[in-house]
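K.L.:
Once you've had a glance at the structure underneath, I'll fire off some questions.
All of the numbers you see were taken from the coordinates with simple rules; none came from a lab. As the structure is a prediction and not an experimental result, all values here were calculated from the model. All Cβ positions, glycine included, derive from the backbone under ideal geometry; neighbour counts span all protein chains shown.
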Amino acid sequence: MQFQTHDVEPARFVSVAREAAELGVDGVFLWDHMIPFVGSPDDSAWETWSLLGAMAGATPALGVDLGVLVSPLSFRHPQILARSAATVARLADRRFVLGVGAGGFVHDDRLFDDQRSLAQRMSEFGRRLATLREVVDDQNRRHGVDIRIWVGGDGPNVTIPLAARWADGWSGFAPYERWRTRKELLEAHETRPALEISVLLTPRDASSDDEIWRASGADWLIRSLRPDGLGGFDLDPIRHLVAAAR
């Protein structure tokens, strides 16, 4: 499951992660935006990595992987990200999924006065992803942690080739036909060993398609949850996924 990080008190994220673990999920992810996708550009989200640190202390007893899906390399420096991930992984005593993307959400960009073109952004993404690979490998060796880099996004010309070259996992999006063609494109490249394949299902994506994703080779089926307006998250979509998997 993936939590969106607004309109819910910080302490609630820990308790909902516990609820999800009791339901039987394999991983709990946060997204990483400064401004929520819904609402006003003047809204504010909680800072994701602070929440991850708070959640990490509860994770050893939960038996689930912890991760971020995704932190934008447009405003998260790879040297800092790698050390943040190593810290959370050690606190959690579990592997950590470090999902990264190229950014591009207009309201986040405005906060950082990022006016780069798409071509400039993608070029920088490639350079920073290569740096992140090097630094994450170093942190894994130094601290005996297990940080896995996933690339989120499905651009065929830049993102997919970069994921094949540098990542341990790839996270694509619905609809199914688009995801399947991007997965085939990814697999046409020489990838790192044991590349994990995932699909992120947003609140718009129907849960009736769950079996299709599993049958098509998705290692991870991740359901993104918006706050329910009552100070928490509706876990019914997660209950459906877990019941279907069983």
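K.L.:
Calculated from DSSP H runs of 4 or more alone, at -39500 (n - 2.57) each and per residue, what is the 222 nm mean residue ellipticity of the chain, nearest 500? Write out the running numbers ahead of the final one.
P.N.:
Details: 10 runs with 111 residues, N = 246.
Value at 222 nm, helices only, nearest 500: -13500 deg cm²/dmol.
K.L.:
Hey, rough spin-label estimate for Asp234 and Leu185, points 7 angstrom out along Cα→Cβ, what's it come to in nanometres?
P.N.:
Result for the modelled spin labels: 3.3 nm.
K.L.:
Right, next: For the chain, set up a Gaussian network in which alpha carbons nearer than 10 Å are linked by springs, and say which option among Leu235, Leu66, Leu221 fluctuates the most.
P.N.:
Leu235
K.L.:
If you don't mind, there's one more thing I want to ask. I'd like to know how the chain sits against the 2.2 N^0.38 Å rule of thumb: what's its Cα Rg over that expected value? Please list the in-between numbers first.
P.N.:
Details: Rg = 17.0 Å, N = 246, 2.2 N^0.38 = 17.8 Å.
Working it through for the chain, the quotient is 0.95.
K.L.:
Between Arg90 and Asp43, 0.36 nm times their residue separation minus their Cα-Cα distance comes to what?
P.N.:
Values: separation 47, 0.36 × 47 = 16.92 nm, distance 3.24 nm.
Extending this stretch completely gives an extra 13.7 nm.
K.L.:
A further question follows. Less than 13 Å from a label point 7 Å out along the Cα-to-Cβ axis of Ala245: which backbone N atoms in the range 54-95 qualify, by residue?
P.N.:
Correct set: 63-66.
K.L.:
If we count every other residue with Cβ under 10 angstrom of Ala56's Cβ, Lys/Arg +1 and Asp/Glu -1, where does the sum land?
P.N.:
On the way: positive: Arg90, Arg94; negative: Asp93.
Around Ala56, the charge tally is +1.
K.L.:
Let me ask something else about it. Taking GluC sites (Glu not before Pro) that fall in a DSSP loop and have at most 14 other Cβ atoms within 10 Å as cut points, what is the longest piece of the chain between them? Don't skip to the answer; put the middle values down first.
P.N.:
Working: sites that count: Glu47, Glu190.
Between exposed loop sites, the widest span is 48-189.
K.L.:
Along each of the three principal axes of the Cα atoms of the range 181-241, give the extent in whole Å, ordering the values from largest to smallest.
P.N.:
Its Cα atoms span 46, 21, 17 Å along the three principal axes.
K.L.:
Do any trypsin sites (Lys or Arg not before Pro) in the range 141-214 lie in a loop, going by DSSP, with at most 13 other beta-carbon atoms within 10 Å of their beta carbon, and if so which? Let's see the in-between values first.
P.N.:
Working: sites: Arg141, Arg142, Arg148, Arg165, Arg178, Arg180, Arg182, Lys183, Arg204, Arg214; in loops: Arg204.
Loop-located and lightly packed - Arg204.
K.L.:
Looking at the P(r) of the range 133-182, how many percent of alpha-carbon pairs lie beyond 15 Å? Please list the in-between numbers first.
P.N.:
Details: 625 of 1225 pairs.
Result for the distance tail: 51 percent.
K.L.:
Continuing with this model, one more query. Radius of gyration and Dmax for the range 122-246's Cα atoms, expressed in Å?
P.N.:
Cα only, the range 122-246: 16.2, 46 Å (Rg, Dmax).
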